[in-house]
Amino acid sequence: MPSTTHTTTSPASQRRRTLLLAAGATLAAPLTATAQASGEDIVIGGSIPLTGVFAFAGVGINAGIGDYVKMVNDAGGIKGRKLKYVPEDTGYKVDVSVAAYKKITSQNKVNLYYGDSTGFAKTINPELDRAGSTLMAGASFASELNDPAKYPNQFLVGPDYTEMFGILLKHIAKEKPGAKVAFVYSDSEFGRDPIDKSEAAAKALGLSVPVKIMTPAGSVDVSGEVIKLRRAAPDYTIFHGYILAPIPEFITQGKQQGMTSKWMGTFWTMDSSTVMKMGEAADGFMGVMPYRYYYDTEKAPMLEKIRALRPEYQSTAYVQGFLAAMLFTESAKRCLDAGKPLDGKNLKAALNSIKDFDTGGLIGVPITISGNSIPVGRVYRADMKAQKMVAASDWIKL
């Protein structure tokens, strides 16, 4: 997720934060009381955006981490040690997130940490390297973070944004060799991230990129851009760097002007509830998703556990938080099995020893984490009659 600027927080929203945190951590809270001495707990800290522009994701992430922690502790913990989840609301502001990190790490021996944004991941990285005690993942899929030399104590819970484009482009090249692909992206760090490398990747796959269109992140009037897009007559249009607007406007106006392009998005656009908000424009809308959706019917024992725990739909952000906690736990378990201290270097080495790992079906193929990302995904398509995202491809590994 992109970074954002600081704004002051009213006492009312501070109170709301406290209530949200209390509600979100309900599952994790009782565990700490029954845990052994605090020094023996394996602590997962979290800078979580429970309020602010990314609260829709933060609430799901928080619940996902809390639920996985509860499952592990209910089953006896890891080698007799309990997990303890300590979240703080950040309102999706980098300075608040840094303050949360400092507070949590000063009060707990933190081995694992979940960060809320690209901005926070980059800002806190020197501190992570200096302390050397913590492995961090988070909500960001920024390509820049996918560099083990620069970010040795961090990883992405899925493919980076360039790899997401790579998965979509591989699908396009198989479905329509030689296709024309347009890129439409926001004028933000988030939006620009995968564009240059993805244009080169498209050409390597025999695809052409006849037009690249950049718009302000929250643009409303896109009529001029739609005309440019129609002239380029792409077979596929990939949107990136937005959540929702202006994607429906592009699609609706494009269709009105006779465009026959297929329309695609990346992770933060692809939650079921987000796509369904597009209304008619979304029918047939496709995009990349590293995980199975909550309602997927293919065999996935871990999804069945989640559905038993939470009978109502859970977002893809929930699955992302849940899987982050699962990979944190697996890394800690491998360290303890090897008799190694839980520090950043050992935990990352343990994470990178994961080969052909079964996530319980959250990702539909076994995963291997050799670097800082999990370069796997699947193309899903919106079926507006069923009000669901349905698989449009097999699982694609890069």
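The values are calculated or read from the model by the stated rules, or taken from the named source; none is laboratory data. Remember, it's a predicted structure, so these values are computed and weren't measured experimentally. Counting neighbours? That spans all protein chains shown, and the Cβs are built from the backbone with ideal geometry, glycine included. Each accessible area value is taken on the protein alone, full model and side chains, heavy atoms only, with ligands, DNA and RNA left out. Shrake-Rupley method; radii C 1.70, N 1.55, O 1.52, S 1.80 Å.
The combined condition, being acidic (Asp, Glu), in contact (Cβ under 8 Å) with a residue 60 or more places away in the chain and closer than 22 Å to Leu303 by Cα, is fulfilled by Asp67. Under 6 Å between Cβ atoms, which residue pairs at least 6 apart in sequence (or on different chains) link something in region 203-223 that is closer than 16 Å to Asp193 by Cβ with a partner that is at pLDDT below 95 and not in a loop (DSSP other than H, G, I, E, B)? Short answer, once both residue conditions are applied: none. Do we find that Ser117 is closer than 24 Å to Met326 by Cα and in contact with a helix residue (DSSP H, G or I) (Cβ under 6 Å, 6 or more places away or on another chain) in this structure? Answer is no for this residue.
How many residues does region 358-398 hold that are touching a helix residue (DSSP H, G or I) at 6+ places or on another chain (Cβ under 7 Å) and part of a strand (DSSP E or B)?
Of all residues in region 358-398, those touching a helix residue (DSSP H, G or I) at 6+ places or on another chain (Cβ under 7 Å) come to 359-362, 369, 372-373, 375, 377, 379, 382, 384, 387-389, 393, 396, 398.
Restricting the remaining residues to those that are part of a strand (DSSP E or B) gives 377, 379, 382, 388-389, 393, 396.
Counting residues in region 358-398 that are touching a helix residue (DSSP H, G or I) at 6+ places or on another chain (Cβ under 7 Å) and part of a strand (DSSP E or B) gives 7.
In region 351-380, of all residues being in contact with a Pro (Cβ under 6 Å, 6 or more places away or on another chain) and without any contact (Cβ under 8 Å) to a residue 24 or more places away in the chain, the one that is surrounded by the fewest Cβ atoms within 10 Å (Cβ to Cβ) corresponds to Asp356. One residue is enough: does region 237-245 have a residue meeting the conditions touching an Asp or Glu at 6+ places or on another chain (Cβ under 9 Å), open to solvent by less than 60 Å² (accessible area, probe 1.4 Å) and not β-branched (Val, Ile, Thr)? Among the residues of region 237-245, at least one is touching an Asp or Glu at 6+ places or on another chain (Cβ under 9 Å), open to solvent by less than 60 Å² (accessible area, probe 1.4 Å) and not β-branched (Val, Ile, Thr), which makes the answer yes.
Test Thr4 against the criterion of being outside any helix (DSSP H, G or I), modelled with pLDDT under 95 and surrounded by fewer than 19 Cβ atoms within 10 Å (Cβ to Cβ), and give yes or no. Working first, answer last.
Details: outside any helix (DSSP H, G or I): yes; modelled with pLDDT under 95: yes; surrounded by fewer than 19 Cβ atoms within 10 Å (Cβ to Cβ): yes.
Spelling it out, Thr4 is indeed outside any helix (DSSP H, G or I), modelled with pLDDT under 95 and surrounded by fewer than 19 Cβ atoms within 10 Å (Cβ to Cβ).
Of the residues that sit in region 51-86 and are part of a loop (DSSP other than H, G, I, E, B), modelled with pLDDT under 95 and farther than 20 Å from Asp337 by Cα, which one is most open to solvent (accessible area, probe 1.4 Å)? Across region 51-86, the extreme among qualifying residues is Val53. Those helices (runs of 4 or more DSSP H) of region 231-350 in which at least 3 residues are without any contact (Cβ under 8 Å) to a residue 60 or more places away in the chain, considering only elements entirely within it, cover 247-256, 301-309, 316-337. The number of residues in region 315-335 that are open to solvent by 20 Å² or more (accessible area, probe 1.4 Å) and within 18 Å of the chain's Cα centre (by Cα) comes to 1.
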